[in-house]
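Student: Pasting a structure below so you can have a look.
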Amino acid sequence: MLIVSCPNCGITAEETEFHAHGEAHITRHAADSSDDQMETYLFMRKNPKGVHFERWRHQNGCGKWFHMARCTMTLEVFGTYSAQTYAPPEELLAQIDAKRPGWRTPS
Amino acid sequence: MSEAVSALKNAVYIAGIAEISEMGAVGMITLRGDLAAKPLQKAAVAAAGVNVPDQRQCLTEGTGGMAWMSPDELLIMCAYDDANAKLADLRDKLAGTHALAVNVSDARAVFEVRGPKAREVMAKLAPVDLAPASFTPGMFRRTRIAQVPAAFWMPQEGVFRVVCFRSVAQYVFDVLCVAAQPGSEVGVF
Ligand SMILES: [Zn+2]
C-alpha cells in the first residue's frame, strides 16, 4: 500500500483514493518523427526495479494530476510534484540520491 | 415545471448505530475559475452567503454554504429552489471573468449520518483518518465511499453530510446502512 500526498490539495491518503497513469516524463514524438522515435514514445517503458517516476491523478479527490517518484521494490514514496513540469525537481532528485546511491546508473 | 424529487425521496434508516437520512433536494452550483480572482470571490460570496472557504474547508450558514473542491473549484450550496436564480446572478456577475458556473443540483444526492457512532460508520467506508483530532467540523473531504467518489464534511460534531452523484445514491445509502447495522460498533474512537 502506497501512502500518497497530493501536491494540489494537500491531502495524504492511501493509494485507493488515487489512480496511477504510468511512466512520467515521456517525450511525445509527433507525426513527423521517425518510426523508432514513435515506437519509443508509444511502447518503450523503463520498468525498473527501484526508483521510478510516474504520473498519478487524485481520482477520488480533487481530480488533479501530479507526478510521483517512488521505489517499485519497497513501495517507498520519495515525493510528489507538479504535473506542469518536464523533469523532477532537483531537490527531490538529491533526496533520492541520498537514499538510493547509484540509482541513476542501473546495473 | 415538473415537481423535483430527490434520488431516494428522503429515505431514512434509524435501526442502526447511526441515523442515515437522505437530505432531499439540495441546491448546488459548481463554480470553476481562478479562486484568487476578486470578481469570482465576490460573486461566490454573494451566492453562497458565506466567505470563500480555505483549502479543504467548508463553510455553511442556514441553507447556504460553500466548499473548497480543488485549487480551481468551489461548490456553492443553497435552497434547491434558489439555485437557478443564483446561477443566473453568478453568470451575470462573472460575464467578464474566465469562469464556469453550472447548476448541478439534479446530479447529486446528499445524505446525513448522525449520532455518536457517525465517525465509525464513515471510517468503515472512506480511506480517511476520522479520529476526532484529525477530522474536525468545518473540514471538507473529497474521497471515496466504498467504491464510488463522494465528499463529506461535519456541520457539527456527530453529524456528517455526504455528497455523491445521484446515479449512485442507492448504492451509497445501502453501504451507509450496512456500515451502521445494529451491533457493528468498533469502539475505535
Ligand atoms: Zn488532490
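Any read-out appearing in this document is the output of simple, stated calculations on the displayed coordinates, not a laboratory observation. All values reported here derive from a predicted model rather than from experimental measurement. A quick note on method: Cβ atoms are made from the backbone with ideal geometry, for glycine too, and the neighbour counts reach across all protein chains shown.
Student: Taking a point 7 angstrom from the Cα of B:LYS38 along the C-beta vector, which residues in region B:88-102 have backbone N less than 18 Å away?
Tutor: Zone members listed by number: B:93-99.
Student: Then there is this: Counting other Cβ atoms within 10 Å, keep those with at most 12, restrict to DSSP loop, and tell me which trypsin sites (Lys or Arg not before Pro) in region B:9-64 are left.
Tutor: Values: sites: B:LYS9, B:ARG32, B:LYS42, B:ARG56; in loops: B:LYS9, B:ARG56.
Hits after loop and neighbour filter: B:LYS9.
Student: Please compute the length gained on full extension between B:ALA4 and B:SER184, using 0.36 nm multiplied by the number of residues separating them and subtracting their Cα-Cα distance. Show your work: numbers first, answer last.
Tutor: On the way: separation 180, 0.36 × 180 = 64.80 nm, distance 3.54 nm.
Contour length minus Cα-Cα distance gives 61.3 nm.
Student: Now a separate question. Kindly express, to the nearest 10 degrees and within the range 0 to 90, the angle between helix B:38-48's C-alpha long axis and the longest C-alpha principal axis of chain B.
Tutor: In chain B, helix B:38-48 runs at an angle near 50 degrees to the longest axis.
Student: Loop by DSSP (not H, G, I, E, B), at most 11 other beta-carbon atoms within 10 Å: where is the longest site-free stretch of chain B for GluC sites (Glu not before Pro)?
Tutor: Values: sites that count: B:GLU3, B:GLU157.
Here the longest run is B:4-156.
Student: Moving on to the next point. Once amide H atoms are built 1.01 Å from N in the peptide plane, which residues 5 or more positions from B:GLY24, or in another chain, come under 5 Å H to H?
Tutor: B:ASN10, B:VAL110
Student: Across region B:89-102, in residue order, what do the Karplus-derived ³J(HN,Hα) couplings come to in whole Hz, using 6.51 cos²θ - 1.76 cosθ + 1.60 with θ = phi - 60° and x for Gly and Pro?
Tutor: Once rounded to whole Hz, the list reads 5, 4, 5, 4, 5, 9, 4, x, 10, 6, 7, 9, 10, 9.
Student: Sort largest first and round to whole Å: the equivalent ellipsoid semi-axes of region A:54-107, each the square root of five times a Cα gyration tensor eigenvalue. Walk me through the intermediate numbers first.
Tutor: Numbers: eigenvalues 103, 33, 16 Å².
Square roots of five times the eigenvalues give 23, 13, 9 Å.
Student: A follow-up question, please. Starting from one equal scatterer on each C-alpha and no solvent at all, send me the Debye-based log10 I(q)/I(0) for chain A at q = 0.18 Å⁻¹, two decimals.
Tutor: Cα-only, vacuum Debye calculation for chain A: -0.93.
Student: Compute the distance in nm between two label points, each set 7 Å from the Cα along the Cα-to-Cβ direction, one at B:THR63 and one at A:ALA83.
Tutor: The answer from the label model is 3.6 nm.
Student: Could you run the Debye sum over the Cα atoms of the protein assembly as shown, one equal point scatterer each and no solvent, and tell me log10 of I(q)/I(0) at q = 0.11, 0.15 Å⁻¹, two decimals?
Tutor: -0.77, -1.15
Student: Determine the calculated [θ] at 222 nm for chain A from helices alone, applying -39500 (n - 2.57) to every DSSP H run no shorter than 4 residues and normalising by the residue count; nearest 500 deg cm²/dmol.
Tutor: Details: 2 runs with 19 residues, N = 107.
Rounded to the nearest 500, it is -5000 deg cm²/dmol.
Student: Rg/Rh for region B:26-105: what does it come to with C-alpha atoms and Rh from Kirkwood? Spell out each step's value before the answer.
Tutor: Numbers: Rg = 10.9 Å, Rh = 11.9 Å.
Radius of gyration over Kirkwood radius for region B:26-105 works out to 0.91.
Student: Return an integer: the convex hull volume of the alpha-carbon atoms of chain B, in Å³ per residue.
Tutor: Numbers: hull volume 20.4 nm³, N = 189.
Given the Cα convex hull of chain B, per-residue volume reads 108 Å³.
Student: Here's another thing I want to ask about it. Say a paramagnetic label sat at a point 7 Å from the Cα of B:PHE165, along Cα to Cβ; which residues of region B:137-159 have their backbone N under 18 Å from it?
Tutor: What the label zone holds, given the 18 Å backbone N cut-off, is B:142-152.
Student: Please list 3J(HN,Hα) in residue order for region B:68-82, calculated via the Karplus relation 6.51 cos²θ - 1.76 cosθ + 1.60 where θ = phi - 60°; whole Hz, with x for glycine and proline.
Tutor: Ordered by residue, 3J(HN,Hα) equals 7, 9, 6, x, 10, 9, 10, 10, 9, 10, 7, 4, 3, 6, 8 Hz.
Student: On a 0 to 90° scale, report how tilted helix A:90-99 is relative to the longest principal axis of chain A, with both axes built from alpha carbons and the result rounded to the nearest 10.
Tutor: The angle comes out at about 80 degrees.
Student: Moving to a separate point now. Within region A:55-99, list the chymotrypsin sites (Phe, Trp or Tyr not before Pro) lying in a DSSP loop whose Cβ has at most 14 other Cβ atoms in a 10 Å radius. Show your work: numbers first, answer last.
Tutor: Values: sites: A:TRP56, A:TRP65, A:PHE66, A:PHE78, A:TYR81, A:TYR86; in loops: A:TYR86.
Listed in order of number, the matching sites are A:TYR86.
Student: Against the longest principal axis of chain B, how steep is helix B:169-179, in degrees 0 to 90 to the nearest 10, with axes from Cα atoms?
Tutor: With rounding to tens, the tilt is 30 degrees.
Student: Separate question: Per DSSP H run of at least 4 residues, take -39500 (n - 2.57); add these up for chain B, divide by its residues and hand me the 222 nm value, nearest 500 deg cm²/dmol.
Tutor: Values: 4 runs with 39 residues, N = 189.
It lands at -6000 deg cm²/dmol.
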